[in-house]
Amino acid sequence: MDIEEDIRSLQLDSAEENNGMVNPEDAKQEEVEMVDKMMEDPKDEVHTVSEPVHTEPKVKDKEVSAAENVESVKEAEENVKRHLNVVFIGHVDAGKSTTGGQILFLSGQVDDRTIQKYEREAKDKSRESWYMAYIMDTNEEERVKGKTVEVGRAHFETETTRFTILDAPGHKSYVPNMISGASQADIGVLVISARKGEFETGYERGGQTREHVLLAKTLGVSKLLLVVNKMDDPTVKWSKERYDEIESKMIPFLKASGYNVKKDVLFLPLSGLMGTNMKTRVDKNICPWWNGPCLFEALDAIEVPLRDPNGPFRMPLFDKFKDMGTVVMGKVESGSVREGDSLLVMPNKAHVKVIAIYCDEDKVSRAGPGENLRIRLSGIEEEDILAGFVLSSVARPIVSVTEFIAQLQILELLDNAIFTAGYKAVLHIHSVVEECEIVELQQQIDPRTKKPMKKKVLFVKNGAVVLCRVQVNNLICIEKFSDFPQLGRFTLRTEGKTVAVGKVTGLPSLSGSV
């Protein structure tokens, strides 16, 4: 029994290593196991004795795969929570960034030390009440001016929902940035200042409250939370009269903008700076007349239509950068994506492979519609991608066109302008910003009957609805509104003003086929 002697000598060696202590039961068990193995396959003898080193990596491999399993289970559990993109819109200085910052603080995304640092910074600039806005407004230009310029992004969670906050700029100079933020959103929080004079400035002609509501509706923000902010202000003092006055002025305008006020709009009072009526309901001592929900409850209760995870993949890109390869950013409007998928970047028809997917800050193996993602791609250089390009499925790619048929509603033309063939404007459709020209007015539509009028149309005025042919200089990726609403609705702007909103009704056949 040479084998048994080998085994005993091995056990004695290991016993010496363990200070000479041997557990006889362990020894006997190991002996039996080893002999059994030899009986099964004598060839294994050399392998087992001569290569004990390889056993440890195998265990590690098992641990790694176990960790991966735990990770995927964790990911699956996390993905049970629905995901919503919330855009904060409203007139400049209404308190959008402050309210967004307060939400992050109350949901535990920002610690006390950071808040204290921001308080000191704001005090140094003699702007004590701005410190909460610093959470959302991260660059120095925004902090010095006290105005949001870029669309700020942040993430927070409630018990049932993961939210991405999109903090849109309120100033009229930055409306194109606001459009890019609203086009990624599912729901909107319209922030209105209750302070005397501030609501009136935002609401009157030329104020951003009106334009933001119209743009939000056009860009597909179907549900609106209308929060009346700054209720703690000395000019307001949680006054029910002031709250009712704002509500009564806003309701007719919201109806005219296309919102069903009973189903799709909810009003609520709060104080963004103090955090009142945000995470918990407002104390009756402060506001005895409010019996409705707080902001977190209202956000959780919002129902949005389900999207199709099995549809053709569509992800309009709004940014790109280099990070160990080409990384693109966008919101999935249709379909799902997994690591290893082959996709097309349209309109330049570049075949790419998905190397990694990041949702919020976490790496995930797959993602569905509605998610804001960063995707690392191979097969394309960063400089070959522009904002407005679309990551698309290979089997059913998105069409790329230079001309399309659209139904337009004229809102408010610039002074002395008439809307006719040859009219030029800037087209905003998902993340595309492109100069366009109205080539032909085809038919005017009767706003009452919604049917085309018989007489030939040469020009139209404010308030008209018209079918027309639109031409752009470069190829753009769009879809018919009836197929993909988010990729088929657009706005036309001229000289910093929104002049028309519309939807794509017809595309040239066989355009952009791969």
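Put ASP186, ASP362 in order of accessible area, highest first, and with a 1.4 Å probe you get ASP362, ASP186. Can you bin segment 309-432 into rounded, prolate or oblate? Criterion: square roots of the alpha carbon gyration tensor eigenvalues sorted a ≥ b ≥ c, rounded for a/c under 1.5, prolate for a/b above b/c, oblate for the rest. Cα axes put segment 309-432 in the prolate bin.
For segment 175-257, just say rounded, prolate or oblate: build the C-alpha gyration tensor, square-root its eigenvalues into a ≥ b ≥ c, call rounded for a/c under 1.5, and beyond that prolate if a/b exceeds b/c, oblate if not. Mind showing how you got there, number by number?
On the way: a/c = 1.93, a/b = 1.90, b/c = 1.02.
Prolate.
Segment 317-372 and segment 376-410 have Cα centres lying 13 Å from one another.
I want to check a number: in segment 328-441, how many lysine pairs have alpha carbons closer than 20 Å, given a sequence separation of 8 or more or different chains? Can you show the working numbers first?
On the way: LYS331/LYS349; LYS331/LYS353; LYS331/LYS363; LYS353/LYS363.
Going through segment 328-441 pair by pair, I get 4.
Karplus-derived 3J(HN,Hα) values for segment 212-225, using 6.51 cos²θ - 1.76 cosθ + 1.60 with θ = phi - 60°, are 5, 5, 4, 5, 4, 4, 5, 7, x, 7, 7, 10, 10, 9 Hz; glycine and proline are entered as x. List every residue whose amide H lies under 5 Å from the amide H of ALA421, counting only residues 5 or more places away in sequence or on a different chain, with H placed 1.01 Å from N in the peptide plane. Sorted by chain and number, the residues that satisfy this are LEU441.
If packing is taken as the average count of other Cβ atoms within 10 Å, what order do 228-239, 447-458 fall into, highest mean first?
Values: 228-239: 18.9, 447-458: 10.3.
So the peptides 228-239, 447-458, ranked by packing, come out 228-239, 447-458.
Stretched out straight at 0.36 nm per residue, the stretch from SER509 to LYS255 would grow longer than its current Cα-Cα span by 87.8 nm.
Heads up, I need the accessible area for LYS217: 1.4 angstrom probe, whole protein in place, Å², nearest 10. Result for LYS217: roughly 70 Å² accessible. Share of carbon and sulfur in the accessible area of segment 238-299 stands at 55%, probe radius 1.4 Å.
Probe radius 1.4 Å, ligands and nucleic acids ignored: give me the carbon and sulfur share of the accessible area of segment 328-375 as a rounded percent. Before the final figure, lay out each step's value.
Working: 750 of 1750 Å².
Carbon with sulfur: 43 percent of the solvent-accessible area.
For the peptides 240-253, 346-359, the ranking by packing is 346-359, 240-253, with the highest mean count of neighbouring Cβ atoms within 10 Å listed first.
Tell me, what is the per residue accessible area of segment 282-425 in Å², probe radius 1.4 Å? Each step should come with its number before you reach the end.
Values: 6510 Å² over 144 residues.
Per residue, segment 282-425 has an accessible area of 45 Å².
Taking a ≥ b ≥ c as the square roots of the Cα gyration tensor eigenvalues, with a/c under 1.5 meaning rounded and otherwise prolate when a/b beats b/c, else oblate, which class fits segment 327-392? Prolate, since a/c reaches 1.5 and a/b exceeds b/c.
The values are calculated or read from the model by the stated rules, or taken from the named source; none is laboratory data. The structure displayed is predicted, hence computed values, not measured ones. We place every Cβ from the backbone using ideal geometry, glycine too, and count neighbours over all the protein chains shown. All accessible areas refer to the heavy atoms of the entire protein, side chains included, with ligands and DNA or RNA removed. Shrake-Rupley method; radii C 1.70, N 1.55, O 1.52, S 1.80 Å.
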